[in-house]
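Participant: Before I ask anything, let me first share the structure, which is written out below as structure tokens.
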Amino acid sequence: MDFLLIISGLILLILGGNWLLKAAVAMSLKLNIPKIVIGMTVVSFATSAPELIVSIKSALEGFPDLALGNVVGSNVANLALVLGITIVLSRIDVQKSFYITDWPVMMIASGLLFYFLINDKVIDFTEGVILFSFLIVLLIYLLRFQKQAVVDEMPEDDEALPLYKIALFATIGGVGLWGGSELLIDGAVNLAKGFGVSERVIGITVVSVGTSIPELAASIIAVLKKEKAISIGNLIGSNIFNILAVLGITSMITPIHLKDAELLNYDIYWMLGISFLILPLVFFPRKLRLDWKDGFILLILYGIFIFTTLN
């Protein structure tokens, strides 16, 4: 039954990612908004919904380490696993707005999370408001000033859709991603519990990979359709949203108390390190490009992260 849940979840996630991407591209055309902005708002909100649901539910039911582990693990998975796979499949050429705006915001959000946790090992209501307020300011800035950060190689493939079809595809896609993630998480967590794995490890590995599947599905589909602006914008946006929206909203509902010290002593340093690593990879060995060599570096690092977490 658990395997059936996992397979069903994966199918729903892939279909949902495709529908949501179609709606996002059409929306960017209709509103004349750079697709990097659509990727960091509409797509990121939908693909971060599983993390939000899991984190709120976990915190309310007294499992804060699952909520924190889910976010930290998902952020590592988004950049090391999902971006790694994405750029192994196809290189991404990056423009300067990527490192002027997007990457610094991700690092600031990650730094805020680290500071709040190391300060008193709890994210309370006030800190949640600070995180969520930062997100609102960021969104206002993106919608007003952000330029496209990745070259769109095939703009002629963009498909214009009427508004009702955009709304329909966005709704069906979002529901598909959410429902698929729920099925996948239920099946995976049940299997993991059967092996007696701790709450933190479940959050860092099984749940975080499960909730990162929407990002993987959306990013691979984006690359296959040459919509790389949405692909990279989605990943950066999802990491920012995971911290500012998921933990911000969750902590405004109920304080998130850190229980397992390994989250602060080990896991969060991986998140900070992988996030920082993206910048030098963009410049070396070839300026403003991520290709298959960078992808293999990220995938090897993710393998080490998972192996050391489980042992």
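Participant: For the chain, what is the mean residue ellipticity at 222 nm derived from helices alone (per DSSP H run of n ≥ 4: -39500 (n - 2.57); sum divided by total residues; nearest 500 deg cm²/dmol)?
Facilitator: Result for the chain: -23000 deg cm²/dmol, rounded to the nearest 500.
Participant: Can you give the accessible area of Y164, probe radius 1.4 Å, in Å² rounded to 10?
Facilitator: Result for Y164: roughly 150 Å² accessible.
Participant: Across every pair of different alpha-carbon atoms, what Kirkwood hydrodynamic radius in Å does region 172-269 reach? Working shown, then result.
Facilitator: Details: mean 1/r = 0.0655 Å⁻¹.
For region 172-269, the Kirkwood estimate is 15.3 Å.
Participant: Let me ask something else. Test of understanding: in a Gaussian network model of the chain with alpha carbons linked when under 10 Å, which of I232, I220, I118 would top the mean-square fluctuation ranking?
Facilitator: I118
Participant: Any idea of K121's accessible area? Nearest 10 Å², probe 1.4 Å.
Facilitator: 110 Å²
Participant: Hey, another quick one. Give, rounded to the nearest 20 debye, the magnitude of the charge dipole that the chain has about its Cα centre when Lys and Arg contribute +1 at Cβ and Asp and Glu contribute -1 at Cβ. Before the final figure, lay out each step's value.
Facilitator: Details: 20 positive and 25 negative charges, 151 e Å.
My answer is approximately 720 debye.
Participant: Which one, V201, I306, N239, is farthest towards the positive end of the dipole of region 180-311 when Lys and Arg carry +1 and Asp and Glu -1 on their Cβ?
Facilitator: Of the options given, the answer is N239.
Participant: Hey, what did the chain get for relative contact order, percent, Cα under 8 Å, at least 6 apart?
Facilitator: Numbers: 532 pairs, mean separation 135.8, N = 311.
Reported relative contact order: 44 percent.
Participant: Any idea what angle helix 268-283 forms with the longest principal axis of the chain, computed on alpha-carbon atoms, 0 to 90 degrees, nearest 10?
Facilitator: 20 degrees
Participant: Next question, about the same structure. Could you identify which residue out of G237, G62, G173 has the top mean-square fluctuation in a GNM of the chain using Cα springs shorter than 10 Å?
Facilitator: Of the options given, G62 has the highest mean-square fluctuation.
Participant: Of all accessible surface on the chain at a 1.4 Å probe, what whole percent is carbon and sulfur?
Facilitator: On the way: 8990 of 12830 Å².
With neighbouring chains kept in place, the figure for the chain is 70 percent.
Participant: Report, to the nearest 10°, how far helix 163-194 tilts away from the longest principal axis of the Cα atoms in the chain, using its own Cα long axis and a range of 0 to 90°.
Facilitator: 30 degrees
Participant: Further question: In debye, nearest 20, what is the charge dipole magnitude of region 228-311 about its Cα centre with +1 on Lys and Arg Cβ and -1 on Asp and Glu Cβ, if you could check?
Facilitator: Numbers: 6 positive and 5 negative charges, 86 e Å.
Here region 228-311 has a charge dipole of around 420 debye.
Participant: Just to confirm, what accessible area per residue do you get for the chain at 1.4 Å probe, in whole Å²?
Facilitator: Working: 12830 Å² over 311 residues.
Accessible area per residue, the chain: 41 Å².
Participant: For R144, R286, R91, what's the largest-to-smallest order of accessible area, 1.4 Å probe? Don't skip to the end; give the middle numbers.
Facilitator: Values: R144 175, R286 140, R91 100 Å².
Solvent-accessible surface, decreasing: R144, R286, R91.
Participant: Report, in degrees rounded to the nearest 10, the 0 to 90 angle that the Cα long axis of helix 64-76 makes with the longest principal axis of the chain.
Facilitator: 40 degrees
Participant: Evaluate the Debye formula for the chain with equal point scatterers sitting on the alpha carbons, no solvent, and hand back log10 of I(q)/I(0) at q = 0.06, 0.10, 0.13, 0.16 Å⁻¹, in q order, two decimals.
Facilitator: The Debye formula, applied to the Cα set alone, gives -0.17, -0.50, -0.87, -1.35.
Participant: Something else: T211: accessible area at probe 1.4 Å, nearest 10 Å²?
Facilitator: Rounded to the nearest 10, the figure is 0 Å².
The values are calculated or read from the model by the stated rules, or taken from the named source; none is laboratory data. None of the values given here were measured: they were computed from a predicted structure. Cβ: placed from backbone, ideal geometry, glycine included. Neighbour counts: every protein chain shown. Ligands, DNA and RNA are excluded from the accessible area calculation, which covers all protein heavy atoms including side chains. Shrake-Rupley method; radii C 1.70, N 1.55, O 1.52, S 1.80 Å.
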